[in-house]
Structure formats: structure tokens, C-alpha cells
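Nothing in this text is a laboratory measurement; each read-out follows from the coordinates by a stated rule. A quick note: this is a predicted structure, and the numbers were derived from the prediction, not measured.
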Amino acid sequence: MVARTQHARIRGLGAAGTGSREYWLIKLTSVVLLPLTLYLIGVLVALRHASHAEMAAAIASAWVALPLFFFILANAIHMRIGMQNVIDDYVHSKGLRKISSGANTLFSWGASGVALYFLLKLGIGA
């Protein structure tokens with residue numbers, strides 16, 4: 001006997017009420033991250049002997065900054081969803097789960113925000 005309502009069974013929602021949305025979002029971010037990671041590794045290999053100024057100029061170019069921006073954004077989404085799944089599965093205390101979920105969101109978006117800030121700062125040159 002499954003303890004779900006008829007409506008939830010029809011919509012395909014799991015116990016958390018989010019169902020397949022996060023499943024497909026984590027799969028999508030995985031697919032997006034694969035070519036971005038390979039491209040950025042190629043950029044790092046190409047710039048392995050570059051000076052600091054050359055590296056900064058390369059990162060400030062649109063051909064590197066834009067994929068790096070999408071890499072950071074996709075990683076933030078992927079990291080938040082993955083950790084949220086771990087929290088939902090293994091943290092059983094309701095209060096601790098709320099605190100952990102808040103810390104997860106704060107860390108993933110905070111770290112990504114800081115990375116994007118420095119990417120913009122490097123690109124603008126301020």
C-alpha cells in the first residue's frame with residue numbers, strides 16, 4: 001500500500017512533492033557540465049605556461065568568460081540539488097533538516113555568487 005494521494009500518483013510526485021523535476025534538472029545539469037568542463041580543461045591546458053596577465057586577459061575574453069559563467073551556474077544548481085537529496089535521505093530531525101537545507105542553499109548560491117562576482121570584476125577590469 002502506497003501512502004500517496006490519487007492526485008500525487010497521477011502527477012508522479014514523490015514524497016517531497018517535487019517528483020521528477022529535480023531528477024530531470026540534475027540530469028540536464030550533468031549533460032551541460034560535461035562539454036563545459038572539457039572546454040575549460042582545454043583552456044587551462046592551453047594557458048598552462050601563461051603569465052598572470054595573460055591568464056587574466058584570457059578569462060576576461062567572452063570566449064572563456066561566458067562558458068565559465070554557465071559552468072559556475074550549472075554547478076551551483078547541480079550541487080544544491082545533489083546535497084538536498086543527501087539531506088532529505090539522511091537527516092531525520094525536522095529542525096536539523098531545515099537548518100541543513102538553508103545552509104545548503106546559502107553555500108551553493110553564495111559560493112557561486114562570489115565566483116561570479118570575481119568573474120565580472122575580472123571581465124570589467126575594475
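Scalar couplings 3J(HN,Hα) for the stretch 62-78, obtained by applying the Karplus form with A = 6.51, B = -1.76, C = 1.60 to θ = phi - 60°, are 5, 5, 10, 5, 5, x, 5, 4, 5, 5, 5, 5, 5, 5, 4, 5, 4 Hz; x denotes Gly and Pro. In percent, rounded to a whole number, the relative contact order of the stretch 20-124 is 36, using alpha-carbon pairs under 8 Å and six or more apart.
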